[in-house]
1. For Glu139, project a label point 7 Å along Cα to C-beta. Then give me every residue of the stretch 247-284 with its amide nitrogen under 13 Å of that point.
2. Between Val325 and Arg295, what is 0.36 nm times their sequence separation minus the Cα-Cα distance? Round to one decimal in nm.
3. Dipole magnitude of the stretch 150-197 about its Cα centre, charges +1 at Lys/Arg Cβ and -1 at Asp/Glu Cβ only, in debye to the nearest 20?
4. For the stretch 62-124, what is the convex hull volume of its Cα atoms per residue in Å³?
5. Taking neighbour counts of Cβ atoms within 10 Å as a proxy for exposure, in what order, fewest first, do His270, His35, His177 appear?
6. When the Kirkwood radius is taken over all Cα pairs of the chain, what Stokes-Einstein diffusion coefficient follows at 20 °C and 1.002 mPa s, in µm²/s?
7. Going by how many other Cβ atoms sit within 10 Å of their own, how do Val155, Val45 line up, fewest first?
8. Sequence-distant or interchain residues sharing an amide H contact under 5 Å with Val47, placed H: which?
Amino acid sequence: MKRWFRAARRLGCAAVRESDVVVVGGGIVGLATAHELAVNRGRSVTVLEKETTWAAHQTGHNSGVIHAGLYYKPGSLKARMCVAGNASMVRFAREQGIRHEIGGKLVVAITTDEVPRLQVLAERARANGVPARMISAGEAREFEPEVACVKALRVESTGIIDYGQVCQVLADRLVDHGAQLRGASPALAIRESSSGIEVATPTGVVRAKVLVNCAGLHADRVARLAGRRPDARIVPFRGEYYELRPEARGLVRGLVYPVPDPALPFLGVHLTRMIDGSVHAGPNAVLALRREGYRWRDVSLTDILDTATFPGTWKLARKYARTGVDEVLRSLSRARFAASLARLAPRIRPDDIVRAGAGVRAQAMLPDGSLVDDFLFELAPRQVHVLNAPSPAATSSLQIAEHVADKVVDQLL
């Protein structure tokens, strides 16, 4: 650790003015938290991002959905923050002139066996305060003429937005309010000092009274740099997308989701009409071989060993072995991917879809192999760590920011 601080000081950049708070991570959660602290609470803030652009990873590769909050356990952080975050995000978009659409979505039961699960989902939506109603197959076709189902759940408050644009607005407002935003500045070492926290970066040492860790795919590693020993480990799951060719976009008007299988940790492939009019299909979920592994050829021996030596990985693999194999096969086969989509919209054919990139989900896992099902925060003196913030974190980001800012301000008093 000491060598990083010595090297940073030799660069002559150590005279960065002290901030109240240093935020590690320039995705939507980090920028929203910095914005809440700097703009709404009047604190001095420095944001450190290891990439040269904001929203380079999870935020910049997600599906752009403003989630309603129907999937999450009533009373959980995800449920409360998503429902409130939906309203906050829409309000922020309106105030800042960010293009968005609230067109609702359909969750469709394709067979009668899925109807009871759809009814359970409708009850959960009501418990969470999400406007949703069960509709017939005929009513569903009024929204989505090409969708095949026996019943559907109509969710009115779901929408779409460009979260990259949200991040740019947040960053611009931060600069306008005097915050320091530093790209190409990964946290190399972290230590406590007499005045608070010091973070060594390739361009110097940043000093602050409180550290906020919003490092996403590297959140557990940043926590360990700061001397914490979190039980959870970040495991990267790549979600691959296809896009409907322009001539096939008319098959989908809005957002169409399957009924999720409660035995599986992800929602399943779905259809999303994006804010630019394109229609994305996906994502699947395969274990990535690198924390920022957007393709099969993206491999990191360090990341593989980190995942393979964690006991929870093998317990998870045994539990979901068949599902994991199916996901890999679907990743490698356009025909298999198209077949999954054709369950939702039968006229979709393999020739109708082309690859459209991928995202990597930072999912926290416990040593027993269970996936952390809620947002996870860890507090320590002068530190706040966001250790699990997968979907719906983008939707919830302004609420997460308020929650984290409350914890930070408590430490600044």
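1. No residue passes the distance filter.
2. Numbers: separation 30, 0.36 × 30 = 10.80 nm, distance 1.71 nm.
Difference between extended and current length: 9.1 nm.
3. Details: 5 positive and 5 negative charges, 42 e Å.
Charge dipole, the stretch 150-197, about its Cα centre: 200 debye, nearest 20.
4. Working: hull volume 6.5 nm³, N = 63.
Each residue corresponds to 104 Å³ of Cα convex hull volume.
5. Working: His270 23, His35 27, His177 17.
By the 10 Å Cβ count, ascending, the order reads His177, His270, His35.
6. Details: Rh = 22.1 Å.
Stokes-Einstein gives a translational diffusion coefficient of 97 µm²/s.
7. Values: Val155 23, Val45 27.
Neighbour counts put them in this order, fewest first: Val155, Val45.
8. Val23, Gln180, Leu181, Arg182
We did not get these values from a lab; they are worked out from the coordinates using the rules stated. None of the values given here were measured: they were computed from a predicted structure. Don't worry about glycine lacking a Cβ; one is built from the backbone with ideal geometry, like all the others, and counts go over all protein chains shown.
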